[in-house]
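Taken together, the values in this text are just the output of simple stated rules run on the coordinates, not laboratory data. Computed from a predicted structure; not experimentally measured. Here Cβ is always computed from backbone atoms with ideal geometry, including for glycine, and neighbour counts include all displayed protein chains.
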Amino acid sequence: MDRQQEFVLRTIEERDVRFVRLWFTDVVGSLKSVALAPAEVEGAFEEGLGFDGSSIEGLARVFESDMLAQPDPATFQILPWRGESEATSRMFCDILTPDGEPSTADPRNVLKRTLAKAADMGFTCYTHPEIEFYLLKSQEPGPDGAPVPVDEGGYFDHVPGGVAQDFRRTAVTMLESVGISVEFSHHEAGPGQNEIDLRYADALQTADNIMTFRTVIKEVALQQGTYATFMPKPFTAHPGSGMHTHFSLFEGDTNAFYEAGAEFQLSETARQFIAGVLKHAPEFTAVTNQFVNSYKRLWGGGEAPSYLSWGHNNRSALVRVPLYKPGKGQSARIEYRGIDSAANPYLAYAVLLGAGLKGIEEGYQLPAAAEDDIWSLSSAERRAMGHDPLPASLHDAIRSMEDSELMPQILGEQVFEHFLRNKRAEWQDYRLQVTPYELQRNLGIL
């Protein structure tokens, strides 16, 4: 038994932890949880916890349903919202086959495989997500059928006595108490919209943190009598919720994206990484923007990027190279602005990183940076400059992913097939719906 496992068992005993929740996700990123009695934890470390994988979306086919959840002791945390009287903790799990091999269908393992490939190339990947969400008065819509936000605040607004202010303070405190470092928190542009930025961490820890973050935000909202949603575009007239993520690759202690004196201080490695992300973005958009509603955000304005482009501090570009302080080469990074807050972080970071690594491997050439506001250009101007559009709908994104050679390599055939099957079913369900928009527009005149 290693030290981390010993620490977990000792903490469970000392803190009188009554329930140990084992967490993992299905293929679309829904959090799954099973509560373990403290006496069973040592056995779960040694042998894993058996469960029926065929009942979890995308994990196993019926004829191979037996799976094992192996808790990762490095992810052990006490859950503060469960109270002190009957302390509850959680650990993320790796999913194994009955013979102890990592399951190819486990989203966490998909990211671990991609990070292992990066390590083989000499790189460690760090990520820093900016997570947006809406805070609503309740899950129920208002009289007009639209959600009701908790306030009418705007970007960076300080609303005295505001619900969102108290909410963010409580949420940040709770995030810090489960080991998630927060860099910024503020009111976003939409009414009731908030943003909380997590501090840099390696990509696997970030993905675990995002899954915990969503749970904390939902729990704090419920405690305060409100409702938090990570739906990409809950309002027609207000901005969608993105999860812009900053990426950097390090070789040891050196930032591989930095080169003093180069254009924008970007190394050739960084340029090839960006080129890989841009080239393969249409193929992975179904993963980073996985719901029908995601495309209402991408094509609904409000600073959402819709075209394949990159730029230095250009907020209309899909990939942005942020400004950073002179002499701070270690902070060189790129920001991918397409991903939304409802993505499965394990798969989203795997495909983004995998596409960037492909660009480095193959020596992709980066096109010229976009200096103009891409939204203000005409379609002809965008075409002439090579700014092709991202997929316009989930259907288009599915088609692009189906035609990809790289995505099944990154995701593995089983995750690739299960993910596409799930998304095709969602598109089919959506296509058959008669919406309020159609009734309002057509019923009285047709």
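Give me log10 I(q)/I(0) at q = 0.10, 0.19, 0.20 Å⁻¹ for the range 101-254, Debye formula, one equal scatterer per alpha-carbon, no solvent. Evaluating at q = 0.10, 0.19, 0.20 Å⁻¹ gives log10 I(q)/I(0) of -0.42, -1.12, -1.20. Sequence-ordered 3J(HN,Hα) estimates for the range 235-247 from the Karplus curve with 6.51, -1.76 and 1.60 and θ = phi - 60° stand at 10, 5, 8, 10, x, x, 9, x, 9, 3, 10, 8, 10 Hz, glycine and proline given as x.
Between the amide H of K32 and those of F24, T25, D26, distances stay under 5 Å, these residues lying 5 or more places away or on another chain, with hydrogens modeled in the peptide plane. Antiparallel beta bridges, as assigned by DSSP with both residues in the range 115-439, represent about 90 percent of the total such bridges. A cut-off of 5 Å between modelled amide H atoms, ignoring neighbours fewer than 5 places along the same chain, links L266 with E259. Looking at the square roots a ≥ b ≥ c of the eigenvalues of the Cα gyration tensor of the range 379-429, which shape do they give, rounded for a/c under 1.5, prolate if a/b is larger than b/c, or oblate? Oblate shape, in that a/c is at least 1.5 and b/c is the bigger or equal ratio.
Assuming R0 = 35 Å, can you tell me the calculated FRET efficiency for the pair E13 and E176, based on Cβ-Cβ distance, to the nearest 0.05? Could you put the intermediate results ahead of the total?
Working: r = 25 Å, r/R0 = 0.71.
Approximately 0.90, to the nearest 0.05.
Residue-wise HN-Hα couplings along the range 273-283, as the Karplus relation 6.51 cos²θ - 1.76 cosθ + 1.60 with θ = phi - 60° gives them from phi, are 4, 4, 4, x, 4, 5, 5, 9, 3, x, 6 Hz; Gly and Pro carry x. Under a 5 Å amide H cut-off, with hydrogens placed 1.01 Å from N, D388 pairs with L308 among residues at least 5 apart or on other chains. A simple spin-label model places the labels of E381 and H186 2.8 nm from each other, with each point 7 Å out along Cα-to-Cβ. Taking other residues whose beta carbon is less than 15 angstrom from the beta carbon of G359, and scoring Lys, Arg as +1 and Asp, Glu as -1, yields -1.
Expressed in nm to one decimal, what extension gain is obtained for the pair D99 and Y430 from 0.36 nm per residue of sequence separation less their Cα-Cα distance? All intermediate terms of the calculation are to be shown ahead of the outcome.
Values: separation 331, 0.36 × 331 = 119.16 nm, distance 3.98 nm.
Full-extension gain reported as 115.2 nm.
Scattering from the range 226-298 was approximated by placing one identical point on each alpha carbon and applying the Debye formula without solvent; log10 I(q)/I(0) at 0.17, 0.23, 0.24 1/Å stands at -0.80, -1.01, -1.06.
Sites listed here are trypsin sites (Lys or Arg not before Pro) in the range 152-259 whose DSSP assignment is loop and whose Cβ has at most 14 other Cβ atoms within 10 Å: R199.
In this Cβ point-charge picture (+1 for Lys and Arg, -1 for Asp and Glu), the chain has a dipole of about 980 debye about its Cα centre.
For A119 and I445 in one chain, what is 0.36 nm times their gap in residues minus the Cα-Cα distance, to one decimal in nm? Can you show the working numbers first?
Numbers: separation 326, 0.36 × 326 = 117.36 nm, distance 6.17 nm.
Result for the pair: 111.2 nm of gain on full extension.
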